[in-house]
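Read the structure below first, then the notes.
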There are 2 protein chains.
Amino acid sequence: MSEPLAPGACIGILGGGQLGRMLSVAASRLGLRTHVYDPGANPPAGHVAERVTTADWEDEAALRAFAASVDVITYEFENIPTATLDLLESLRPVRPNRRALAISQDRLTEKDFLTGLGLTTAPYRDVPDRAALAAALAEHGAPAILKTRRLGYDGKGQARIMAPGQAEAALAEMGGADAIFEGFVRFTHEVSVIAARGLNGEVSCYDPGENVHEDGILRTTTVPARLAPGQHMDAVLLAGKILNALDYVGVMGVELFVTPKGLVVNEIAPRVHNSGHWTQAGCAVDQFEQHIRAVAGWPLGNGQRYADVVMENLIGDDVDRVPALSREADTQIHLYGKGAARPGRKMGHVNRVSRG
Amino acid sequence: MSEPLAPGACIGILGGGQLGRMLSVAASRLGLRTHVYDPGANPPAGHVAERVTTADWEDEAALRAFAASVDVITYEFENIPTATLDLLESLRPVRPNRRALAISQDRLTEKDFLTGLGLTTAPYRDVPDRAALAAALAEHGAPAILKTRRLGYDGKGQARIMAPGQAEAALAEMGGADAIFEGFVRFTHEVSVIAARGLNGEVSCYDPGENVHEDGILRTTTVPARLAPGQHMDAVLLAGKILNALDYVGVMGVELFVTPKGLVVNEIAPRVHNSGHWTQAGCAVDQFEQHIRAVAGWPLGNGQRYADVVMENLIGDDVDRVPALSREADTQIHLYGKGAARPGRKMGHVNRVSRG
């Protein structure tokens, strides 16, 4: 497929959470239909998708039927089982591609890839065993962070080592999973670049946003971010370098630490990203439509920002503030249609807009 | 029901065209679900609604099941049969209310209502028969327009009388339907006010947009409209007067002629309106969300405009321009998911944004 998808075509979305939900809405604006695949019943994206399949990632018949019903497949999360991808890739184009997914699924592979491009990451070491952890600590010292190589998100699968004596406990927290040691980066703040690359290789980046986390979960993103003009350009160029190296198609979130010595890449996410939700309020084409445009083979939209925005996540009980938020001026509410508000669960977000 | 609808509640939407589609998307942003009722198969709104009922307006069992599944009912078009409304009103709140619908369904009733409020409309006369038409023509002269009292839209059910000799042909065009005679209004341009009123009586108006029609169909809406500050205020105040008089809940489109002698009300539409589509690109809360907020008993959002916008409808073959439009900067595309592009059929629209 090299022609842009025509209106009426169907995009398959793996994962039916809030990202899939907002992708589905974006697809509808372009006259495209969506089919959401999720193992869980009543996924948030299902409320705004034309079709929903509720089936496990291992259900070959369901996966085949899903693929047969769509023109292209994308995903809202990166931890899709390998066998699932193998099957789907044999049936339909999957965008972004396999390599981006494989790299982002493993923190060690990701760091090797990024440093291989000449980019700076935190100092890191593979930790296959206790001896390797001791060696890494001896080399880089504390504080440091031990992380599982796979399946970590929102601060899960991480243990801080504030002093060498905490190494044993940190290793125990990994629960036997493969781990990676990361030296501490002394940064002033974190920013992220939401970058997109089209099927024809064109690249477009939104203005970097400045992120504040609490308990490992994104709390707010503010645009514009505090960045010197040179840093802004560095951020955009390194994002483009990553996308090009991967022959990437779609939107990627690139998290960066801002340090006195320059930008350090924290991690990449091969999908629309929480820190890009502000684009819904500040741009003619938001990150969700940009991703759909890319995977559908359309030209990328113009991501130019025409307002200042502060995005705030509504996590857990924050959702009880919606009645008050709904009375705030210039505040755009986005709720995800989830049921119970468990602690740490992302229930929605607001975009507070001011003139740019 | 006086409490705002909580996330997870369901809004029933009568009519599944593009307006229902965009209402459904707006509801999803507020965490509300939607159930669309439409007699036609595969309605555009169905692609982004949680549920769709395909049934006739006379299907009492389907109407009862629909009402039972929703918390409040609204509509995307004003020509809902009276018996349908009678039944639904007995089961669930219907917003906007019956009176607004009844008034806008009949051009004569509408004009009587508007002039009764002290507002200016085109000179008009009921035309129950040939003699009445002759009398109206004798009084007001040509040019004039003969319109069916009911079921007219997009220029349908209208016949111009450029000279008295054309009266007979115009009457024949009405096909025996009740008709109304309207004298010609010499106006410089047309604007519309998209006004909203909440359940608690608060009123909020978007900046007036300036409309250009072609062949009776809206072609473009531009904000800001050409209006002197006094005219702008007049437009907003008269819209508020109309909404208050009707104890209205929801969004209404009020079309106005701008004349040297002041504003003349052309017509009102008790629903979201094509001339309000620009709000998707220029405001934190667009007309669709504003309508959902009102009918769900939420506080109205802030309709302040933070960009200049030109909305252009994509009518019939215009949709073939989408590949070119998708390469335009600052152009937001909205397609409606309709099948064949028949002449005169609204297939989508674009919002071209510039900094305000």
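The values are calculated or read from the model by the stated rules, or taken from the named source; none is laboratory data. It should be emphasised that the depicted structure is a prediction, and the values quoted were computed from it without experimental measurement. No Cβ is skipped: glycine too gets one built from the backbone with ideal geometry, and neighbour counts run over all protein chains shown. Ligands, DNA and RNA are stripped out before the accessible areas are found, and what is left, the full protein with its side chains, is counted by its heavy atoms. Shrake-Rupley method; radii C 1.70, N 1.55, O 1.52, S 1.80 Å.
Scanning region A:319-356 for residues that are small (Gly, Ala, Ser) and within 19 Å of residue B:26 (Cβ to Cβ) gives A:326, A:329, A:337, A:348. Listed conditions (1) in contact (Cβ under 8 Å) with a residue 60 or more places away in the chain; (2) crowded, with 21+ Cβ neighbours inside 10 Å; (3) under 13 Å from the mean Cα position of the chain (by Cα) are all met by residue A:278, apart from (3).
Restrict the check to region B:268-278 and report whether at least one residue is more than 18 Å from residue B:253 (Cβ to Cβ) and touching a Lys or Arg at 6+ places or on another chain (Cβ under 8 Å).
The answer is no, given that none of the residues of region B:268-278 is more than 18 Å from residue B:253 (Cβ to Cβ) and touching a Lys or Arg at 6+ places or on another chain (Cβ under 8 Å).
Restricting the search to helices (runs of 4 or more DSSP H) fully inside region A:1-112 and requiring at least 2 residues that are of a type in the set (S, T, N, Q) and under 18 Å from residue B:47 (Cα atoms) gives A:18-29. Against the criterion of being under 25 Å from residue A:290 (Cβ atoms), surrounded by fewer than 19 Cβ atoms within 10 Å (Cβ to Cβ) and not acidic (Asp, Glu), residue A:249 does not qualify. When every residue of region A:187-207 is checked against the conditions, at least one turns out to be touching a residue at least 12 places away in the same chain (Cβ under 8 Å), within 24 Å of residue A:350 (Cβ to Cβ) and open to solvent by 40 Å² or more (accessible area, probe 1.4 Å). Scanning region B:255-303 for residues that are modelled with pLDDT under 95, farther than 14 Å from residue B:205 by Cα and hydrophobic (A, V, I, L, M, F, W, C) yields one hit, B:281.
Anything in region B:3-17 that is under 11 Å from residue A:323 (Cβ atoms) and in contact with a Lys or Arg (Cβ under 9 Å, 6 or more places away or on another chain)? List them, or say none. Within region B:3-17, B:4, B:7 meet the criteria. Please state which one of B:284, B:329 is without any contact (Cβ under 8 Å) to a residue 24 or more places away in the chain and buried (at least 21 other Cβ atoms within 10 Å of the Cβ). Going through B:284, B:329 in turn, the sole match is B:284.
Out of the residues in region B:284-295 that are assigned to a helix (DSSP H, G or I) and of a type in the set (A, V, I, L, M), state the one that is farthest from the other protein chains (Cβ to nearest Cβ).
Applying the filter and picking the extreme gives B:295.
Please state which one of B:101, B:14 is crowded, with 19+ Cβ neighbours inside 10 Å, modelled with pLDDT under 95 and of a type in the set (A, V, I, L, M). Criteria check complete, one pass: B:101.
Of a type in the set (Lys, Arg) and part of a strand (DSSP E or B): is that true of residue B:147 in this structure? Against the criterion (of a type in the set (Lys, Arg) and part of a strand (DSSP E or B)), residue B:147 qualifies. Inside region B:296-331, can you point out the residues that are touching a strand residue (DSSP E or B) at 6+ places or on another chain (Cβ under 6 Å), outside any strand (DSSP E or B) and away from chain A (no Cβ under 11 Å)? Listed by number, the list is empty, since nothing qualifies. Within region B:126-144, the residues that satisfy the criterion of being within 27 Å of residue B:218 (Cβ to Cβ) and either part of a strand (DSSP E or B) or open to solvent by less than 50 Å² (accessible area, probe 1.4 Å) (or both) are B:127, B:142, B:143, B:144. Are any of the residues in region A:252-262 aromatic (Phe, Trp, Tyr), over 24 Å from residue B:10 (Cβ atoms) and surrounded by fewer than 21 Cβ atoms within 10 Å (Cβ to Cβ)? Among the residues of region A:252-262, at least one is aromatic (Phe, Trp, Tyr), over 24 Å from residue B:10 (Cβ atoms) and surrounded by fewer than 21 Cβ atoms within 10 Å (Cβ to Cβ), which makes the answer yes.
Only a single criterion out of (1) among the basic types (Lys, Arg); (2) open to solvent by 20 Å² or more (accessible area, probe 1.4 Å); (3) touching a residue at least 12 places away in the same chain (Cβ under 8 Å) is not satisfied by residue B:293, namely (2).
Kindly establish whether residue B:181 is of a type outside the set (Val, Ile, Thr) and open to solvent by 80 Å² or more (accessible area, probe 1.4 Å). No, not satisfied.
Out of the residues in region A:332-356 that are polar (S, T, N, Q) and crowded, with 19+ Cβ neighbours inside 10 Å, state the one that is nearest to the other protein chains (Cβ to nearest Cβ). Within region A:332-356, the match that is nearest to the other protein chains (Cβ to nearest Cβ) is A:332. Per the conditions (1) over 15 Å from the mean Cα position of the chain (by Cα); (2) closer than 22 Å to residue A:216 by Cα, the sole criterion not satisfied by residue A:301 is (2). Number of residues in region B:142-175 that are modelled with pLDDT of 90 or more and hydroxyl-bearing (Ser, Thr, Tyr): the value is 1. Across region B:29-76, the qualifying residues are those that are among the charged types (D, E, K, R) and within 14 Å of chain A (Cβ to nearest Cβ), and the one among them that is surrounded by the fewest Cβ atoms within 10 Å (Cβ to Cβ) is B:51.
As a summary of the residue check, residue A:271 satisfies the conditions (1) part of a helix (DSSP H, G or I); (2) under 15 Å from the mean Cα position of the chain (by Cα) except for the one numbered (1). Taken together, the residues in region B:236-249 that are farther than 13 Å from residue B:194 by Cβ, in a helix (DSSP H, G or I) and either among the hydrophobic types (A, V, I, L, M, F, W, C) or under 17 Å from the mean Cα position of the chain (by Cα) (or both) amount to 3.
Restricted to region A:211-235, and to residues there that are open to solvent by less than 40 Å² (accessible area, probe 1.4 Å) and closer than 13 Å to residue A:263 by Cα, the residue that is nearest to the chain's Cα centre (by Cα) is A:235. Going through region A:12-28 one residue at a time, which ones are under 19 Å from residue A:299 (Cβ atoms) and away from chain B (no Cβ under 11 Å)? Scanning region A:12-28 gives a single hit, A:23.
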